1. Look at PHE49 and say whether it is over 20 Å from VAL112 (Cβ atoms), free of Cβ contacts under 8 Å to residues at least 60 places away in the same chain and surrounded by 16 or more Cβ atoms within 10 Å (Cβ to Cβ).
2. Looking at (1) at negative phi; (2) surrounded by fewer than 19 Cβ atoms within 10 Å (Cβ to Cβ), can you tell me which one VAL61 breaks?
3. Do you know which residues across region 90-100 are buried (at least 17 other Cβ atoms within 10 Å of the Cβ) and either polar (S, T, N, Q) or touching a helix residue (DSSP H, G or I) at 6+ places or on another chain (Cβ under 8 Å) (or both)?
4. In region 66-89, how many residues are over 14 Å from ILE47 (Cβ atoms) and touching a helix residue (DSSP H, G or I) at 6+ places or on another chain (Cβ under 6 Å)?
5. Report whether or not SER54 is of a type in the set (Gly, Ala, Ser), open to solvent by 60 Å² or more (accessible area, probe 1.4 Å), more than 21 Å from GLN4 (Cβ to Cβ) and in contact (Cβ under 8 Å) with a residue 12 or more places away in the chain.
6. Would you be able to tell me the number of residues in region 73-89 that are in contact (Cβ under 8 Å) with a residue 12 or more places away in the chain, open to solvent by less than 90 Å² (accessible area, probe 1.4 Å) and farther than 14 Å from THR7 by Cβ?
7. What residue, of SER95, SER66, SER54, SER9, is among the polar types (S, T, N, Q), more than 14 Å from the chain's Cα centre (by Cα) and on the phi < 0 side of the Ramachandran plot?
8. Tell me, which residue of region 37-46 that is surrounded by fewer than 19 Cβ atoms within 10 Å (Cβ to Cβ) and among the aliphatic types (A, V, I, L, M) is nearest to VAL14 (Cα to Cα)?
Amino acid sequence: MPSQKKTLSLICPVMNEEEAIPLLLKELEPHLEKAMSLMGKGAAYEILFVDDGSRDKTVEVITEQSRKNDRIKLLRFSRNFGKEAALAAALRHASGDAVIPIDADLQDPPEVIVTQCA
């Protein structure tokens, strides 16, 4: 029986994180590559940002990054609803077989992605 393609969703609530987004994505890249190799041939990922009413250029930064990488997705709230609401929205929209929440400020070390996929 052929193995099914596996998908990992990283969900990241953000609010006023314009400076953190590029650093986060740079830090995530090697860990996501390693996780994909551990998950097997055809594995894929998505990074789903939920903007929780940012007033800076967070949305613009994520939109620009999504033009470079179509695995980066964005949900936008019309105003601030809180981190819990952002996580709940991301869970409803995530397409992955597994979902890992991560903070944009790198409070959670990206290395945990690999340990969860091993």
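1. Details: over 20 Å from VAL112 (Cβ atoms): no; free of Cβ contacts under 8 Å to residues at least 60 places away in the same chain: yes; surrounded by 16 or more Cβ atoms within 10 Å (Cβ to Cβ): yes.
The answer is no for PHE49.
2. (2)
3. Of everything in region 90-100, those that are buried (at least 17 other Cβ atoms within 10 Å of the Cβ) and either polar (S, T, N, Q) or touching a helix residue (DSSP H, G or I) at 6+ places or on another chain (Cβ under 8 Å) (or both) turn out to be VAL99, ILE100.
4. Qualifying residue count for the region: 0.
5. When the stated conditions are applied, SER54 does not pass them.
6. 9
7. None of the others qualify; the one that does is SER54.
8. Step one: of region 37-46, the residues surrounded by fewer than 19 Cβ atoms within 10 Å (Cβ to Cβ) are 37-38, 40-44.
Now restrict to residues that are among the aliphatic types (A, V, I, L, M): 38, 43-44.
Details: LEU38: 28, ALA43: 26, ALA44: 23 Å.
Out of the qualifying residues, it is ALA44.
The values are calculated or read from the model by the stated rules, or taken from the named source; none is laboratory data. This is a predicted model, so every value here is computed, not measured. In this analysis, Cβ positions are derived from the backbone assuming ideal geometry, glycine residues included, and neighbour counts consider all displayed protein chains. These area figures cover heavy atoms from the full protein model, side chains too; ligands, DNA and RNA do not enter into them. Shrake-Rupley method; radii C 1.70, N 1.55, O 1.52, S 1.80 Å.
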